[in-house]
Structure formats: structure tokens, C-alpha cells
Amino acid sequence: MTASATRQRPEADLGTAEWLVCDGCRRMIYGRRFARGGHVCPECGWHARLTATQRIALLLDEDSVEVVDTPVTAADPLQFVDTRPYADRLRSARASTGLPEGVVVARGRIEGAPVVTAVMDFRFLGGSLGAAVGEAITGACEIALRERTPLLLVTASGGARMQEGALSLMQMAKTAQAIGQLDEAGILTVSLITDPTFGGVAASFATLTDVIVAEPGARLGFAGARVIEQTIRQTLPPGFQTAEFLLAHGVVDLISPRAQLRPTLARLFGVATRRPGTAPVTPGDGRGAGDSRGASHGGDGVVRDPARLADRHPWEAVRLARRLGRPSTLDYIGALVEDWTELHGDRAATDCPAMVAGLGRLDGTPVVVIGTQKGHTATELAARSYGMPSPGGYRKAARVMRLAAKLGLPVITLIDTAGAHPGIEAEQNGQAVAIAENLRVMAGLPVPVVAVVTGEGGSGGALALAVANRVLMCANAIYSVISPEGCAAILWKDPAAGPDAAAALRVDARALLAAGIVDGVVPEPDGGADVDPLAAADALRAALTGALAELTPLDPPTLVTARRARFRRFGTPAPAGGAAPAPVVPAARPPLGAGRTHADLDDARRAS
Ligand SMILES: [Zn+2]
């Protein structure tokens, strides 16, 4: 144990540099101010590299650090010599860094949350991944596994260590499988990407973690920019491979300035750390595991009897459901979810702005929340792709659902979308495949799943978030196989026949509750959720906590079996003896008559 070295605060080893030149903006910075700010330029925000020792001092609670000695293996397996013997290079790196190798492993706490961390030091042969580094990273994974503590990997590397040949290549596989074992055990893994993280490190443990946090401006990639430019002879886009570029392209979850790292990580660890033996929520009365309709519970406010819902023309619900002032998914999250961390990206190509996903607490219970996101203004709507997710959006949702399954967190989905994005790019990227995959993933999630259609529930794009144990909808929401206007255009040959189609399709809460498509209806304030968003949020909170209280005590096989049974029965002949209640189908609505206004018709035309 050599814990004493790590107790140094970063400013303590500033050395004698009173003034230095920022690598970002080339301005002179006063050294002490720079150090006090965590080695971040106060002028331009450039984040300078930290040594492993500085990083540990910056991240972990001051008196919590316990450095773990890791074996230095395979000192020079190939007796490698380039312009200098490898053994000489190692000796110099040890002398100049004071470290035995390029990574420091430590136990500690971040704002009280326990963590096992492995921190790479770029000064040590460019943070290269040799056998000793791979061994230390794997060792950190194994400690985290044994002690069931979240793992934090802080990466800084140019790639594999050439001087160790194929042995260094094997470290990628060794570390990757160690992360895989943590996945199987349900232990949270987080990486903090610092500048630069490339090659074999980027293509193994750095990007295999549950949550990838990056410092502003940090570059991450497999091939370096110079190699790419020389190979393909193209000019690279500005900001190529930076954290900001990678956030937009779905690779990193979030960017955190250095000053915010401790609270950001502590919030994440606080919510996502699996606690074995945590007392489940007290089950509600009258609970029935396989009863997908849900028992009636006092206090959750959910309406389960269609007769209690206003009998009105479904077109009224269509108009109300589309009001721009209705609370969006992020509005509901803001009102209901504490300690919220939004996760970004499908880890492949994009971060769909029409899909929001993350973790937080609902009434103290850690949950994953996923939902489609519209907006209240034309600008917001355009930026959010009108709430119509791309395939990347559905893949992001699936990724976060799998994370929920790994961590044992309930999944809540909030649905308000006209449908999945219809477009060339969406088709090229496999929109149909992405939706289909979500249906299968959701059906098998070993955690409670509650879906709420809060506005528009448009077709497969909505169902891709709605394969749940409890499917609820808000009183003025709609849920439909096709938009009424789309149906009208095809079957009536007249898009203006939307109201007639809405009635025929029975898209409103009363009809869908009667048919058993939804299990309950969340009441809305008089005049609609947009009239009193806080009251709407309160009603949603009561409905969600009620559903979770029913579902949380159930074990994973029971949850999956009940969910599959819920969807298995649709379109199945009623069993003899009438054990299952036959869906009550209300009488078809007449075409919109006297109550139909010019505004209705205008709406229908506009929407078509
Ligand atoms: Zn600067």
C-alpha cells in the first residue's frame, strides 16, 4: 500500500511554474489559479492532462483512498529493441513518473459512494496497454466483482504497447471479458474518458462500460486522426473524435467538466448501485401476479372502469392529445424524478433527440425512465425531430433497458409520439428492425416495466416502448395502429375524414380501457394536462408509484411470465367457462355530427 502519495491535492504538485501558456487558447494563465481549477484553463475551459495521482486526488474523497498494489508482470517478454531497448524505456518511465506502471488501482469513495478505480497515466509510455496495465485493469475488475462495488476506469492511452507484441494485443480480450463478468454479476461499470484515449484501450474496456463519461474536448477513437487522413486522404470534420463529436454520434453518454465530475459520478453511483437485500416496496392489497389488468388500489387515482370516463367523441381526445402545451417527457421527469442522469447515444452512430433515456429516483426508488420527447415550440419540435424517433432512438432505448435489466432497476416508459420517424435515413438504418428488436427486448426484461401513453401513442413507434407489465394512458391520450388522418386517407380516400376514422379506430382511453389494450387511465386536470401540468404530474406520480408497488415484490420470472401472458391473450379466443373477461367493446361511434366544427375539419386537413 502506498496510499500516502495519493493524498496530495493536485495543486500541491504544481512545481515552480508561476505562469504557463494554455494549450487551448495560448493565453498566459496564472499557475495557482490553473491548479485550483483542477488544471482547467479559466479562460477557454481547456482541460489539461492529469497524472494518475492528481486524478485520484481530484476524484476521490480525501481520506478514502487506498491504493492497491498491482503486480508488474512480463517486464520485457520479447527483449524488444527499437532505437532504444524497451527495458531502458521502462526504466526512464518509472523514474520520471515515480510509478511502477502506467495505471494506478485504488479503492475509495466519491461523495461517500464506494468505488474501485483504475486510473491510467499518459506520461507512462503514452498510457500504452501492456501486460502489466492489462493485469491491473483486470485486477480492478476482479476486486469490484469480489466486493460488489462499482468500477470506475479512467482512461488515457495511445493504444497497445508495441514493445510487448501480441501479448499486449491479448490484453484487450482479457480486460473485455473481465468487464463482461461484471455485467453478468450486475455490477455498475463507468469509464471516464480523458484526452487522449485511442486504439486498443478505446476498443476494449474504455467503451464496454455501462456509462461512458468524457471530459470536454477529450478525444477517443480507434485509429488516430493522422492515420485516417493519410489512409483515406480526406479532410476530417472539425472537432473529429472529440467528446462533443462522439456525444452527437452516439458513442459517449455524457460530457462532464472536471469541476462537475464528483457530483456527476456520485449521483450516478448513488442511483445505479445494485443493493442486494434492499427491502422491496410493500405490496399493495389485492395483488395478483398474473393479473395483467391490475387490481384496484386506493390512492393511485388510476381509473380502471371505463364507465367512469367521459363518453365523448374520440376526435376530442385526438385534438387534446396533440396540444403543444401538454407536459413532455422531460417535463414529467423534471417534476417527478430526482437525481436524474440522462444517458445518450446508441453506442453505434447517433444520439436521437426524439428519445430520452436515463436514471433517477421516483419517490426515492431508483428507476430507469425512457420516453419520446416532443417540444412546446416550433424550434424545440424541429430540434427533437417532432418526437418521432430514429432507429438510433429505439436502439438507445434498448441499450438503457438492458442496463436496467443488468442493474435490477424498474423501467418506466413515457410515450408521446405520432410514430417512428418516416424517412430515407430511418429506413436505411433499419427502422423496422429497431422497433422489432425493442418488442422482443421488452418482453424479456427481468424487471418491472410500466408504460404510460401520455399524449399520442402512434403505432409501432409507440408500441416499441409499451411492452409492459402495466400499460396506462392519460385520460386525453390516444393510442392507435395508424393516425386517424392516415387511416382516412387510405380507407376513406379523404384525409379530412380523420374524425370518422378516429371514431372507427377507437383511439381514445375509454374504448382502449374497455378493450383491455390499456390497464388503467391516469386522470388529467379539467381542461387537459396542459392546463395544470403540475397536477398532471402528481396524477402520473401516483399512478407510477402504485404500479411499482404492485410489481416490485414480484421476482423476475414472474414479471416476465405475466408480461408475456398479457400480450399473448390479444386476439386469443376466450376460454370456455369464461375465466377471462371478454373485452367489452362499446358501440361504434356515429360519424361526427352536430358537434363537428370547422376547427375540427381544419385540424384534420392540416394534420394530413
Ligand atoms: Zn485557455
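So here's what we get for this one:
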item	result
Condition met for ARG541 (open to solvent by 40 Å² or more (accessible area, probe 1.4 Å), touching a strand residue (DSSP E or B) at 6+ places or on another chain (Cβ under 9 Å) and assigned to a helix (DSSP H, G or I))	yes
Matching residues in region 215-247 - criterion: being farther than 17 Å from GLY159 by Cα and either open to solvent by 60 Å² or more (accessible area, probe 1.4 Å) or hydroxyl-bearing (Ser, Thr, Tyr) (or both)	GLU229, GLN230, THR231, ILE232, ARG233, GLN234, THR235, PRO237, PRO238, GLU244
Filter result (hydroxyl-bearing (Ser, Thr, Tyr) and within 21 Å of ALA156 (Cβ to Cβ)) within region 53-72	THR53, THR70
One residue from VAL452, VAL471, VAL481 being surrounded by fewer than 24 Cβ atoms within 10 Å (Cβ to Cβ) and either within 17 Å of LEU512 (Cα to Cα) or out of contact with any Asp or Glu (no Cβ under 8 Å at 6 or more places or on another chain) (or both)	VAL481
Residue list for region 22-33, restricted to those being outside any loop (DSSP other than H, G, I, E, B) and either more than 9 Å from the ligand (Cβ to nearest atom) or among the basic types (Lys, Arg) (or both)	MET28, TYR30, GLY31, ARG32, ARG33
Selected residue (only one of ASP519, ASP555, ASP526 is closer than 19 Å to GLY301 by Cα and open to solvent by 20 Å² or more (accessible area, probe 1.4 Å))	ASP526
Hits in region 69-86 (condition: touching a helix residue (DSSP H, G or I) at 6+ places or on another chain (Cβ under 7 Å) and either within 16 Å of the ligand (Cβ to nearest atom) or outside any loop (DSSP other than H, G, I, E, B) (or both))	TYR86
Residue pairs meeting the criteria (Cβ under 8 Å; at least 6 apart or on separate chains; first on the phi > 0 side of the Ramachandran plot and at pLDDT 95 or above, in region 225-249; second open to solvent by 50 Å² or more (accessible area, probe 1.4 Å) and part of a strand (DSSP E or B))	GLN241/ARG219
Answer from ARG36, ARG49 - the residue that is surrounded by 14 or more Cβ atoms within 10 Å (Cβ to Cβ), within 16 Å of the ligand (Cβ to nearest atom) and at pLDDT 95 or above	ARG49
Positions within region 460-487 being small (Gly, Ala, Ser) and at pLDDT 95 or above, in sequence order	GLY460, GLY461, ALA462, ALA464, ALA466, ALA468, ALA475, ALA477, SER480
Residues of region 361-394 that turn out to be in contact with a strand residue (DSSP E or B) (Cβ under 9 Å, 6 or more places away or on another chain) and either surrounded by 23 or more Cβ atoms within 10 Å (Cβ to Cβ) or of a type in the set (A, V, I, L, M, F, W, C) (or both), as a count	16
Checking SER4 against (1) away from the ligand (no atom under 12 Å from the Cβ); (2) outside any loop (DSSP other than H, G, I, E, B); (3) modelled with pLDDT of 90 or more, the condition it does not meet	(3)
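The values are calculated or read from the model by the stated rules, or taken from the named source; none is laboratory data. Please read these numbers as outputs of a predicted model, since none were measured by experiment. A quick note on method: Cβ atoms are made from the backbone with ideal geometry, for glycine too, and the neighbour counts reach across all protein chains shown. Quick note on the areas: whole protein, heavy atoms, side chains included, nothing else; ligands and nucleic acids left out. Shrake-Rupley method; radii C 1.70, N 1.55, O 1.52, S 1.80 Å.
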